[in-house]
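The values are calculated or read from the model by the stated rules, or taken from the named source; none is laboratory data. Values in this document were obtained by computation on a predicted structure and should not be read as measured data. Cβ sites come from the backbone with ideal geometry, for glycine too, and all protein chains shown count toward neighbours. To get the accessible areas, we keep the full protein, side chains included, count just its heavy atoms, and leave off ligands, DNA and RNA. Shrake-Rupley method; radii C 1.70, N 1.55, O 1.52, S 1.80 Å.
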Amino acid sequence: MKRVGKAEFKVPGGKLIRARVEVVNGKVKFVRFTGDFFMTPEEDLEELENRLIGIEANPDGAREAVISYFKAKGTSIVGGTPEDFAHVLAMALRSA
Amino acid sequence: MEVWRFLDLEEADGYWNMAVDEAIAKARGEERAPNTLRFYMWRPSAVIIGFFQSVEEEVDQEECKRQGIDIVRRISGGGAVLNSSGGVFTYTIVIGGDDPRIAGGIMESYRVLCGGLIEGLSILGLKAEFKPINDIVVKGRKISGNAQVRKYGVVLHHGTLLIDFDPHLMARVLRISEEKLRDKMLKEAEERVTTIRRELGREVSLREVRDAMFEGFKRALKVELVPGRLSRYEEELARELREKYSSPEWIYRR
């Protein structure tokens with residue numbers, strides 16, 4: 001059974017981050033982050049979204065996955081932090 | 001004094017405008033183009049969304065169609081803007097990634113590269129300030145939005161300068177996030193955005209704005225600006241890139 005969720009978060013003093021998710025049988029099927037933030041290299045976001053496919057749709061676990069991805073890649077984000085992206089994804093999963 | 005190429009005001013559609021920016025950046029990265037300052041305008045009007053935004057979330061597509069407004073995705077991050085034909089002056093800087101002017105980090109490089117507009121606005125008699133992350137404000141109201149992307153080993157920095165605008169049209173074509181409005185505690189575009197005409201309280205010609213900004217960038221960047229044109233190579237790249245920018249795969253990729 002497919003469930004969808006979405007959330008948005010305006011980072012105080014930063015940018016807007018949105019997440020849309022699809023969950024099938026308790027696993028993440030699709031993730032899309034959008035917003036007016038800046039990220040270098042920009043390819044990292046799509047890679048993160050792809051890596052999240054198949055993980056358990058557990059907000060805490062997903063949060064960890066996002067933070068550890070950005071930390072490992074050293075992605076430069078302007079207008080938000082890895083924790084902000086993790087927070088939005090966790091909210092979206094809770095709404096699914 | 002260091003010499004930069006200057007590409008003077010031209011008016012084109014949004015797909016071409018964004019293709020030219022990326023073509024210059026790519027050529028600059030391959031050492032086939034010099035550091036460049038470019039001024040340009042938009043026809044037809046276009047909504048330009050940031051690289052990480054979604055058309056569906058940011059734009060009223062039906063309204064754009066009714067008004068004949070293009071929807072364009074740019075290569076840089078940041079937020080959606082309405083670049084109205086004749087009302088918005090835009091500029092692009094392409095600068096080598098190892099340039100000392102941008103060595104102080106991303107935030108500092110915005111401040112430095114936005115310096116040209118701030119200097120240009122002061123020539124027009126307006127006191128403008130840089131407002132992190134990427135805005136320029138006059139009396140607290142946004143008059144310019146700017147965005148950067150680091151790619152091809154260069155920094156592509158581009159931005160808008162409002163000469164005149166229709167807040168009602170902007171409100172109709174852009175979907176402003178509820179969250180964002182709450183955060184800023186501002187409801188109306190009129191309260192948070194301003195224009196050169198409004199601040200000067202008189203009509204201002206494009207030529208006047210162009211001349212002030214030309215002088216402003218010269219002073220702020222401490223460079224000599226020599227009028228030039230796109231190379232044959234850049235033109236070729238831009239023609240290819242225009243295909244990308246006008247394709248649904250690119251426009252609707254998020």
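Computed values, structure above
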| item | result |
| --- | --- |
| Point-charge dipole on Cβ atoms (K/R +1, D/E -1) for the stretch B:59-118, about Cα centre, debye to 20 | 40 debye |
| Sequence ranges A:11-17, B:70-76, ranked by mean other-Cβ count within 10 angstrom, highest first | B:70-76, A:11-17 |
| Among B:217-229, B:23-35, the order from most to least packed when residues are scored by Cβ within 10 Å on average | B:23-35, B:217-229 |
| Between 0 and 90°, nearest 10: helix A:43-52 axis offset from chain A longest Cα axis | 20 degrees |
| Å² of accessible area per residue within the protein assembly as shown, as computed with a 1.4 Å probe and no ligands counted | 43 Å² |
| Cα long-axis angle, helix A:59-73 against chain A (0 to 90 degrees, to the nearest 10) | 40 degrees |
| Neighbour net charge for B:K244 - beta-carbon separation under 13 angstrom, K R +1, D E -1 | +1 |
| Local electrostatic count at A:K73 - Lys and Arg +1, Asp and Glu -1, tallied over other residues with Cβ under 9 Å | -1 |
| Average partner coverage of B:134-140, which counts Cβ from other chains inside 10 Å | 1 |
| The protein assembly as shown, accessible surface, carbon-and-sulfur percent (1.4 angstrom probe) | 50 percent |
| The stretch A:25-96: C-alpha pair distances exceeding 21 Å, % | 17 percent |
| Whole-angstrom gap from the stretch B:50-118 to the stretch A:43-96, using each part's C-alpha centre | 26 Å |
| Total charge dipole magnitude, chain B, about the Cα centre, Cβ charges on Lys, Arg, Asp, Glu only, Debye to nearest 20 | 360 debye |
| Chain pair B, A: total accessible area buried, heavy atoms, 1.4 Å probe, Å² | 2100 Å² |
| Charge dipole of the protein assembly as shown about the Cα centre (unit charges at C-beta), most positive-ward option of B:C64, B:N17, B:P248 | B:C64 |
| Neighbouring partner chain Cβ atoms per residue of A:28-40, average, 10 Å criterion | 6 |
| Mean Cβ count within 10 Å, highest first, over the residues of peptides B:41-47, A:46-52 | B:41-47, A:46-52 |
| Computed FRET value (nearest 0.05) for B:R219 with B:Q61, which takes r as the C-beta separation and R₀ as 51 Å | 0.75 |
| Global size of the protein assembly as shown as Cα Rg and Dmax, reported in angstrom | 20.3, 67 |
| Nearest-20 debye value, the stretch B:30-82 charge dipole, Cβ charges on Lys, Arg, Asp, Glu | 320 debye |
| Point-to-point label distance, B:E240-B:H168, nm (Cα→Cβ direction, 7 Å offset) | 4.6 nm |
| 13 Å beta-carbon shell around B:R43, net charge (K/R +1, D/E -1) | -4 |
